[in-house]
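Here, each number is a calculation from the coordinates, and none is a lab measurement. Predicted model, so just to flag it, every value in this text is computed and none were measured. Cβ sites come from the backbone with ideal geometry, for glycine too, and all protein chains shown count toward neighbours.
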Amino acid sequence: MLKSTLVILFGLIIGSFLNVVIHRLPLDQSVVKPASRCPSCGTGLKWFHNVPLVSYLLLRGKCAACGNPISWRYPLVEFLTAFLFWASFRDLPFGVFEFISQFRIWLFIALGVAIAFIDLDHRIIPDELSLGGWLIGALTAYWDYRAGLPSLLIASVAGFGFFFLFALLYEKVTGRAGLGGGDIKFMGTIGVFLGFGGIWSSIMISSVLGSVVGIAIAKLNRSEQALRTAIPYGPFLVVGALVELFFEVSRWIIP
Ligand SMILES: [Zn+2]
């Protein structure tokens, strides 16, 4: 109970930080300085206006200075991160392996949340997240439970290579760019965290989800042309990878 509460609080704090990352990283602004401000009026937030979830509720979704609405995305990202951290928490005996593998799970969730929302907003996946995530993933892969370092690195190269070739082929055949470079690099990140299971799950689930959502949007918009550039692929990859992550976590918990 105490541990779960601490994990949820930790998830809320990380979620709050991810809001800053999602907002500032694509604009090439520092995620550390300056302190958070209202996007409408620029007034700096007091610490008690910056408490995850609670402040949003107390302020009833409005800036304390200018009264402009605060996007519901902020509390959503905080809640989502806390929920995923809690759901993936494995209460194992404390040791280096257990600690680092839990760290890897939470790091991947944080990367996934940031990448999904940044891709939704800007149609990009910043290298800081894909390549930076890959580097930390590779450095900690030795302590991963299931697969071990060689298997994860091979999966990473395979995922990257498969998407790279697919993108080349797609562009040759259709004359349009299909997958973005960010998607291709992110596949490498998924591989180094989640191995071949993660690659497989991401490809399968993202292609199904991408098709379903694509058809739905085309039906609504009645314009296929607009749609091709309109759908970011990153969020679907994240969903696919997280399905594999939770599948793995559920197997780890049972001894
Ligand atoms: Zn304001």
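Count charges around residue 159 for me, please; just the other residues with Cβ under 15 Å from its Cβ, Lys/Arg as +1, Asp/Glu as -1. Write out the running numbers ahead of the final one.
Working: positive: 185; negative: 183, 244.
Residues close to residue 159 contribute a combined charge of -1.
Hey, any idea what Rg/Rh is for the chain, computing Rh the Kirkwood way over Cα pairs?
A ratio of 0.99.
Starting at 0 and stepping by 10 Å, how many percent of the alpha carbon pairs of the stretch 22-116 end up in each bin?
13, 37, 31, 15, 4
Just to be sure I understand the model, the point goes 7 Å from the Cα along the line to the Cβ. What's the resulting residue 172 to residue 120 distance in nm?
3.6 nm
Would you please classify the overall shape of the stretch 86-210 from the alpha carbon gyration tensor, given that a ≥ b ≥ c denote the square roots of the eigenvalues, rounded means a/c under 1.5, and beyond that prolate means a/b larger than b/c while oblate covers the rest?
Because a/c hits 1.5 or more and a/b exceeds b/c, the stretch 86-210 counts as prolate.
Connecting C-alpha atoms closer than 10 Å in a GNM of the chain, tell me which of 99, 79, 108 has the biggest fluctuation.
Maximum fluctuation in the GNM of the chain, among the listed residues, is at 99.
Pop the C-beta distance of residue 59 and residue 86 into the FRET formula with R0 = 25 Å and round what comes out to the nearest 0.05.
0.50
Report the net charge of residues surrounding residue 130, where surrounding means a beta-carbon distance below 12 angstrom and charges are Lys +1, Arg +1, Asp -1, Glu -1.
-3
If each Cα of the stretch 92-163 is one equal point scatterer, what is log10 of I(q)/I(0) from the Debye formula at q = 0.15, 0.19 Å⁻¹?
The computed values of log10 I(q)/I(0) come out as -0.57, -0.85.
How far apart, in nm, are the 7 Å Cα→Cβ label points at residue 2 and residue 27?
In this crude spin-label approximation the distance works out to 4.2 nm.
Can you tell which of 152, 27, 131 shows the greatest fluctuation in a Gaussian network model of the chain with Cα springs below 10 Å?
27
Expressed as a whole number of Å, what is the distance separating the alpha-carbon centroids of the stretch 2-21 and the stretch 97-145?
16 Å
Before anything else, pin down the relative contact order of the chain: Cα pairs under 8 Å, at least 6 apart, normalised by residue count, whole percent.
19 percent
Kindly state, to the nearest 0.05, the FRET efficiency for residue 71 paired with residue 221, given R0 = 25 Å and r defined as their beta-carbon distance.
0.60
Rounded to the nearest 500 deg cm²/dmol, what is the calculated helix-only ellipticity per residue at 222 nm for the chain, with -39500 (n - 2.57) per DSSP H run of length n ≥ 4? Write out the running numbers ahead of the final one.
On the way: 9 runs with 178 residues, N = 255.
The helix-only estimate for the chain comes to -24000 deg cm²/dmol at 222 nm.
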